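Please read the structure below before turning to the comments.
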Amino acid sequence: MSKPSFTERNLQILFPLPAIIFVALLMIFPILYTLFLSFTNWNLTSGNPFTFVGFNSYFRIFTEPRFLNAVARTFAFTFFAVVIEGVLGVAIAVILNRAFFGKSLAKLLLLLPLVATPVAVGIVFNLFYDPTIGLANFVLQSIGLPQGLWVSNAATVIPSLILVDVWQWTPMITLIVLAGLAGLSEEPIEAARVDGASEWQILRLVTLPMVMPVILTAVILRLIDALKTFDIIFAMTGGGPGYASETLNIMGFKYSFEYFRMGQSSVILVVLFCVVFGCSLGIMKLRAASEI
């Protein structure tokens, strides 16, 4: 009997290898090309070929107050949005995990924000926030409270955008956590009840620690997406008023497709990549520690 050939011995590697190489190139090439451009002074409006300038583009961007403010806004938007979505998402999941009348309808309504496109959501909320015909100011006026400018005011634009993000993406965390709760073993919970633990103690000391890896997974997914939020902000404010809602993603877009300063926009995108990667890595370590 002849020995199997190299191909026959390594079928489990050779078959998926083309797809693996394609996906790797699709991911690695844009990252490396953007990193390369960040060390150049490429400007499409100058008409000159780009030249290698080392870290000059980094120094220029890092010393610009607009960039530092965009970093602060990115972290502020992401932190408050993810924290609120995490707390509300877990709370709603705990409620929906119980049996009550209308549970199926509640789950169906929960899916509605997820099926809407972010740009459409932004347009609808622009009408909702409109200072003259918007529903928000109409309700405030009806109950005798002062009206707001919402996305037209630099002081309230970020909280207003956070509210939109919370409305759309809290259901995602709810559904992930709800799936985790449905897969929990009932034995520890029943044992806690036999020992006389209250429902609050069971939730705090048994249920939440058991489902914590799932919660952190949901937070990781939402954190990555929130740091890269572009569509809602661009559709509603375009980074305005002024630069009041300009995050790193919006700033990178403007530097690329409005100012055509491709070298400096690449610096912004490299920083954004490092921020997303670093934050995701930190949450993943917390998730790993919660499973020990």
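Rule-based calculations on the coordinates, nothing more; no lab input. Values in this document were obtained by computation on a predicted structure and should not be read as measured data. Cβ: placed from backbone, ideal geometry, glycine included. Neighbour counts: every protein chain shown.
A few comments on the model shown:
- With R₀ set to 41 Å, the beta-carbon distance separating T51 from A76 gives a calculated FRET efficiency near 0.65.
- Of the DSSP H helices in the chain, those whose Cα atoms cover at least 30 Å axially and whose Kyte score averages 0.0 or more: 65-96, 157-182, 262-290
- Assuming charge only on the beta carbon of Lys and Arg (+1) and of Asp and Glu (-1), the dipole of the chain about its Cα centre is about 460 debye to the nearest 20.
- Selection from M212, F79, V164 lying farthest towards where the dipole of the stretch 55-290 points positive, charges on Cβ: F79
- Between F62, G183, V115, the Cα set farthest toward the positive side of the dipole of the chain (charges on each charged residue's Cβ, about the Cα centre) is that of F62.
- The calculated FRET efficiency for the pair F6 and L32, based on their C-beta separation and a Förster distance of 22 Å, comes to about 0.10.
- Taking GluC sites (Glu not before Pro) across the stretch 135-207, the ones in a DSSP loop with at most 16 further Cβ atoms lying within 10 angstrom of their Cβ are E186.
- Shown here for the stretch 13-97: trypsin sites (Lys or Arg not before Pro) in loop regions (DSSP other than H, G, I, E, B) with at most 11 other Cβ atoms within 10 Å, of which there are none.
- A Förster radius of 25 Å, combined with the Cβ-Cβ distance separating T156 from W200, puts the computed FRET efficiency at roughly 0.10.
- T40 long-range amide H proximity, modeled H, under 5 Å: V53
- Reachable lysines from K254, criterion Cα separation under 30 angstrom, eight or more residues apart if same chain: K228
- When the stretch 55-290 is described by a simple charge dipole with +1 on each Lys and Arg Cβ and -1 on each Asp and Glu Cβ, the residue from C274, V94, N137 located farthest towards its positive end is C274.
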